[in-house]
Amino acid sequence: MEIYDHPTFRMACQQFDLVADHLEIPESDRARLKYPKRSMVVALPIKRDDGGSEVFSGYRVQHHLTLGPTKGGLRYHPEVALGEVAALAMWMSWKCALTGLPYGGAKGGIACDPHQLSAAEQERLTRRYTQEMIPFIGPQTDVMAPDLGTNEQIMAWMMDTYSMHMGYTVPSIVTGKPVGLGGSVGRREATGRGAGYLINRTMDVLGLVANQATAIVQGYGNVGSVAAFSLARYGVKVIAVSDVKGGLYNPNGLDLWSLEKHNAERRTVVGFPGAEPIPNDQLLVTPCDILVPAALERQITETNAANIRCRVLAEAANGPTTPEADAILEQRGDIFVIPDILCNAGGVVVSYFEWVQDLQSFFWTESEVVDKLFRILEGAFTQTLNLSRKQKISMRLAALSLGVRRVQEAKKTRGLFP
Ligand code: NAD
């Protein structure tokens with residue numbers, strides 16, 4: 001399918017092919033499992049604040065609808081492309097299946113730089129995108145959530161646009177909304193908190209002592225900042241963090257609470273007085289116990305994989321490690337990888353809780369949310385670790401095998417229509 005051609009889509013396909021070979025999936029079943037069910041590309045004209053107008057490109061890819069509605073984030077980033085969104089949708093499918101959620105995967109995005117748009121322009125763009133998507137989304141069809149460059153406010157505008165169209169309030173159309181509009185407590189923190197829980201579990205498995213361990217986080221956004229705090233609460237010393245503008249390093253540990261204040265005021269970690277600057281490429285190869293990529297895809301590649309110096313690679317971002325880098329890490333054998341579809345699954349798990357709460361109009365406490373989240377992550381972690389040990393395969397291959405197998409079995413049982 002040439003329309004999806006993109007380095008990230010090729011990477012997702014390469015991973016799928018490795019899993020399909022491992023699972024000995026017949027050739028005749030592979031295309032049906034691999035390629036998205038449907039994709040939308042829309043032109044989004046909006047009025048700019050200066051009186052002019054501009055057209056942006058919007059995308060939504062729904063990977064499969066075999067197990068229920070599709071579920072996945074909406075990304076605002078200048079480099080968003082159809083193939084990238086298709087790859088992210090595919091990973092969402094395996095992630096939802098791995099954690100036992102009744103969803104297929106989806107992803108969407110608008111090619112824009114949200115930092116160059118005013119709040120009013122972001123609102124017009126979000127509403128126009130939602131309007132264009134109305135024929136293809138719904139609480140039983142496709143449910144969106146925040147991702148890179150989007151947040152609770154964007155979800156609130158989406159929900160309002162969809163509800164105005166329907167003529168009644170439909171909170172279950174999106175997750176990651178403000179709690180006051182039917183969002184779930186604990187959703188904003190879910191991805192980073194889930195990553196923190198899984199890193200802590202991994203430290204147990206490896207015999208690493210939390211209060212003697214150090215961590216580095218690339219991408220100090222929603223996921224990365226919460227993961228850093230979560231690790232600090234387990235006793236881990238966070239020695240470096242970065243965002244798109246640059247990085248910070250302090251071998252004695254960063255004061256995250258002061259950094260939080262600085263970040264809230266300046267909207268960047270850069271310039272924080274309690275640390276020295278460090279470039280992003282150097283940050284990834286700085287020695288630490290736990291390395292958490294929490295920004296973009298394809299950060300750990302064949303050029304830096306041999307130089308990474310950590311004990312645990314916790315993939316909070318989607319697709320941060322290329323298959324070539326994976327091969328190098330596997331050969332090295334000294335790094336325990338918590339693969340993305342497991343490591344950042346906390347976000348979609350609590351999104352699922354939010355959807356369930358909205359459909360029932362019955363809301364849970366934070367401790368109920370966190371307890372249920374950790375149970376699901378624990379189950380997925382244990383199954384992945386057991387399979388990886390039993391079959392002597394990488395954690396990534398084990399996690400993907402569990403996810404892909406479940407979707408394959410569901411498709412087989414449902415049969416091929418007509
Ligand atoms: P975000 O926009 O809140 O944060 C992203 C952070 O990465 C920002 O601080 C940004 O400045 C930084 N960044 C961007 N480019 C960078 C670069 N080249 N080097 C270093 N830092 C860079 O986004 P988020 O929601 O935290 O998402 C981060 C990652 O986690 C993405 O891969 C996303 O797909 C994944 N993810 C997010 C969720 C969620 O619930 N938000 C769930 C699962 C996975």
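The values are calculated or read from the model by the stated rules, or taken from the named source; none is laboratory data. All of these numbers come straight from a predicted model, not from anything done at the bench. Positions of Cβ are backbone-derived with ideal geometry, glycine not excepted, and every protein chain shown enters the neighbour counts. In case anyone asks, the SASA skips ligands and DNA or RNA and just uses the protein heavy atoms, side chains included. Shrake-Rupley method; radii C 1.70, N 1.55, O 1.52, S 1.80 Å.
Residue check: VAL337 meets all listed conditions (1) in contact (Cβ under 8 Å) with a residue 40 or more places away in the chain; (2) in a strand (DSSP E or B); (3) in contact with a Pro (Cβ under 8 Å, 6 or more places away or on another chain) but one, namely (3). ALA325 falls short on exactly one of the conditions (1) assigned to a helix (DSSP H, G or I); (2) open to solvent by 10 Å² or more (accessible area, probe 1.4 Å); (3) more than 23 Å from GLY72 (Cα to Cα), and that condition is (2). When GLU54, GLU84 are screened for being of a type in the set (D, E, K, R) and over 21 Å from the mean Cα position of the chain (by Cα), only GLU54 passes.
Of the residues making up segment 159-202, those that are in contact (Cβ under 8 Å) with a residue 60 or more places away in the chain and within 16 Å of the ligand (Cβ to nearest atom) number 17.
Residues in segment 295-314 that are within 9 Å of the ligand (Cβ to nearest atom) and in contact with a strand residue (DSSP E or B) (Cβ under 6 Å, 6 or more places away or on another chain): 2 in all. Under the condition of being assigned to a loop (DSSP other than H, G, I, E, B) and either open to solvent by less than 20 Å² (accessible area, probe 1.4 Å) or over 20 Å from VAL285 (Cα atoms) (or both), the residues counted in segment 222-252 number 2. When VAL269, VAL292 are checked against the criterion of being buried (at least 16 other Cβ atoms within 10 Å of the Cβ), within 13 Å of the ligand (Cβ to nearest atom) and assigned to a strand (DSSP E or B), a single residue qualifies: VAL292.
Could you list, in sequence order, the residues of segment 295-322 that are surrounded by fewer than 21 Cβ atoms within 10 Å (Cβ to Cβ), touching a residue at least 60 places away in the same chain (Cβ under 8 Å) and of a type outside the set (A, V, I, L, M, F, W, C)? Those that are surrounded by fewer than 21 Cβ atoms within 10 Å (Cβ to Cβ), touching a residue at least 60 places away in the same chain (Cβ under 8 Å) and of a type outside the set (A, V, I, L, M, F, W, C): ARG298, ARG311. For THR382, indicate whether it is among the hydroxyl-bearing types (Ser, Thr, Tyr), closer than 21 Å to GLY68 by Cβ and open to solvent by 30 Å² or more (accessible area, probe 1.4 Å). Criteria not met by THR382.
Every listed requirement among (1) within 25 Å of VAL404 (Cβ to Cβ); (2) away from the ligand (no atom under 14 Å from the Cβ); (3) not in a helix (DSSP H, G or I) is met by GLN331 save one, (3). On the stretch given as segment 377-418, residues that are assigned to a loop (DSSP other than H, G, I, E, B) and touching a strand residue (DSSP E or B) at 6+ places or on another chain (Cβ under 7 Å) total 1. Considering segment 126-158, the residues that are within 13 Å of the ligand (Cβ to nearest atom) and of a type outside the set (A, V, I, L, M) include one that is nearest to the chain's Cα centre (by Cα), namely ASP147.
Here LEU44 passes the criteria (1) closer than 21 Å to ALA410 by Cβ; (2) more than 20 Å from the chain's Cα centre (by Cα) except the one numbered (1).
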